[in-house]
Structures are given as C-alpha cells and as structure tokens.
1. Using Cα atoms only, what is the angle between the long axis of helix 46-63 and the major principal axis of the chain, expressed in degrees (0 to 90) to the nearest 10?
2. Mind listing which GluC sites (Glu not before Pro) in the range 98-128 are in a DSSP loop and have 13 or fewer other Cβ atoms within 10 Å?
3. Cα-Cα pairs above 24 Å in the chain: how many percent?
Amino acid sequence: MTSKKSDDEPIIREQPMTYHDYAALDDDNRYELVDGVLELLTAPAVPHQVLSFQLQRRIADTCENEYLILHSPIDVILSPTDVRQPDLVLIPEYWIVDPGNGTLEQYERFEGMYELTDIYEGEERVRSNRIPYVSFTMEEIMASLRDLPI
C-alpha cells in the first residue's frame, strides 16, 4: 500500500497490512486482504450475481430457519492479515462461486480457521456436513444462466 506523507512524497509500506489497517480505509472501494496485500475487488458480473442469488435462494428455501445466511459484501476475517468477501456465508462455512467454470468452492471452519474442503461442479451434489439441509447440483444452479439476455 502506498500513502502520501506530503503532496509529493509517497510512503511505501513494506510490512503486510493488517485487519486494523484494512478497517481504517475510507474510500468506498471494496477490497480483500490476502496475506497482508490489499486487493481491489470489482463488482461481480451479472452471471456471478445471478448464480449467487440462486444459491442463496436455494439455501433459504431449505434452511433459512436454522441458519443465518449472509451475502457479500461482508468481511470474513480469517487472520490479522487475511480478510475475504465471499459470495455467501453460512456460519460456520463460506462459499465462492465461479460462473466461468460452473464451480462452487466450499470453505469450512476448523479450529478457528477456514479451509477449502471441496470444489463442486456439474452434476456433483453439493452437500455440507455442518448444514444438512443443503442439497443441489451446480448444473441446477448454472441452468439459471441459460436464459439471461447477456
């Protein structure tokens, strides 16, 4: 991260950013903090938003009364130098969808840290040991993109 000491003197930051630094940002942009490096996020494209909505709707239809379902933008603090903005957070899991590949990455919380536990695609049934009500395929979710006028 570079900031200004005066009008013409940039200060180069050599140590990793922390959540404290990240939380102090006030420029209306969306970021993730990855291993102490600030990464600017762009707005999700329409297919990404449609898939994320379909996932949230599918989950809400089956387990809304049992789990708190949160969607981006939301900070998930993984460590002092890692803050992510996943598509969906179902405590104690978060998911990231990739519409280009038709995949869903499932991260579960173990001993205070989130770990990638599975990647789903096609007709493989998405399931969760911690959220037993979840059961769908990425093919079912990807079908929502077929009729989009994009």
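What follows draws every value from the coordinates through simple rules; no lab data is involved. Just so we're clear, the structure is a prediction, and the values are computed from it rather than from any experiment. Ideal geometry is used to build each Cβ from the backbone, glycine not excepted, and the neighbour counts take in all protein chains shown.
1. That helix lies at roughly 60 degrees to the long axis.
2. Numbers: sites: E105, E108, E111, E115, E121, E123, E124; in loops: E111, E123, E124.
Answer in residue order: E111, E123.
3. Numbers: 4495 of 11175 pairs.
Here the tail beyond 24 Å accounts for 40 percent of pairs.
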